[in-house]
Amino acid sequence: MTTQKVYVNARFLTQKLTGVQRFAIEISLILHEILGDAVVFLAPDETIEKANLPSTIPVLKIGRNKGHIWEQIDLPLYLRRLKKPLLINLCNAAPLLYANKLSTIHDIAFLKYPNTYSKSFLMLYRFMIPRIIASSEHTFTVSEFSKEEVVRYYSKESLGKDISVIYNAVDDEFKSVVDPDLQSVPYLVAVSSLNVRENLHAVLE
């Protein structure tokens, strides 16, 4: 009996490592641990960020293009030749004209903090995100707050669609450390960039 393969949009392996890519890598590691060779990771034929490629994730490079063009053209064309298997997207973007997919929308910060993004990025995401939700079999996000925001801003696109929360995956390097100096006084740790959309001002307050 042939096992039905599941495919992962692994364009994140070619991108700079941020929280979104960290999430995708950790979820991918677990998918590979559970599914083994039944999960296939597809990426553009370009340089993969060394920090982003755990040795246990086997990557199949396909297509001729890069970036969004690869994601919108090369990736769905390749999958259609395989009779349209399930595609998992973990980093906000996904091929718009491919329906058999699960997609992850991490947040809608681009709508709430538009001044922190370039005009080209805003135009692209304002066009893509509602269409990704509407064309996906299922949508994931990373917190109950983000779920409420997605449903509120995109009620029309998400109507009748299931939206689930998958919390951010954590690498073992973030495990707790017992430090007597830290235990002697109350403290708060905040890890983020200084970008206003990270809400660091609220932490300071």
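The values are calculated or read from the model by the stated rules, or taken from the named source; none is laboratory data. In this text, all values refer to a predicted model and were calculated from it rather than measured experimentally. Counting neighbours? That spans all protein chains shown, and the Cβs are built from the backbone with ideal geometry, glycine included. SASA here: full protein model, heavy atoms, side chains in, ligands and nucleic acids out. Shrake-Rupley method; radii C 1.70, N 1.55, O 1.52, S 1.80 Å.
The table below gives the values:
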read-out	value
Boolean, residue 203 is among the aliphatic types (A, V, I, L, M), surrounded by fewer than 14 Cβ atoms within 10 Å (Cβ to Cβ) and assigned to a helix (DSSP H, G or I)	yes
Subset of the range 1-20 [under 12 Å from the mean Cα position of the chain (by Cα), open to solvent by 20 Å² or more (accessible area, probe 1.4 Å) and either over 21 Å from residue 93 (Cα atoms) or modelled with pLDDT of 90 or more (or both)]	11, 15, 20
Matching residues, the range 131-146, being of a type outside the set (Gly, Ala, Ser), open to solvent by 10 Å² or more (accessible area, probe 1.4 Å) and more than 16 Å from residue 19 (Cβ to Cβ)	131, 137, 138, 144
Tally of residues being among the small types (Gly, Ala, Ser) and farther than 21 Å from residue 76 by Cβ across the range 1-48	2
Those residues of the range 174-200 which are assigned to a loop (DSSP other than H, G, I, E, B) and open to solvent by 100 Å² or more (accessible area, probe 1.4 Å), in sequence order	175, 176, 177, 178, 186, 187, 188, 189, 191, 194
Odd one out for residue 113 among (1) more than 18 Å from residue 164 (Cβ to Cβ); (2) without any contact (Cβ under 8 Å) to a residue 40 or more places away in the chain	(2)
Positions within the range 78-113 being in contact with a strand residue (DSSP E or B) (Cβ under 9 Å, 6 or more places away or on another chain), closer than 18 Å to residue 154 by Cα and not hydrophobic (A, V, I, L, M, F, W, C), in sequence order	92, 103, 104, 106, 107
Filtered residues of the range 41-77 (kept if among the polar types (S, T, N, Q) and in contact with a strand residue (DSSP E or B) (Cβ under 8 Å, 6 or more places away or on another chain))	65
Residue count, the range 22-56 (criterion: polar (S, T, N, Q) and open to solvent by 20 Å² or more (accessible area, probe 1.4 Å))	3
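Each row is one residue, and each column tells you yes or no for (1) modelled with pLDDT under 95; (2) surrounded by fewer than 19 Cβ atoms within 10 Å (Cβ to Cβ); (3) more than 16 Å from the chain's Cα centre (by Cα).
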| residue | (1), (2), (3) |
| --- | --- |
| 74 | no, no, yes |
| 96 | no, yes, no |
| 113 | yes, yes, yes |
| 118 | yes, yes, yes |
| 126 | no, yes, yes |
| 129 | no, no, no |
| 172 | yes, yes, yes |
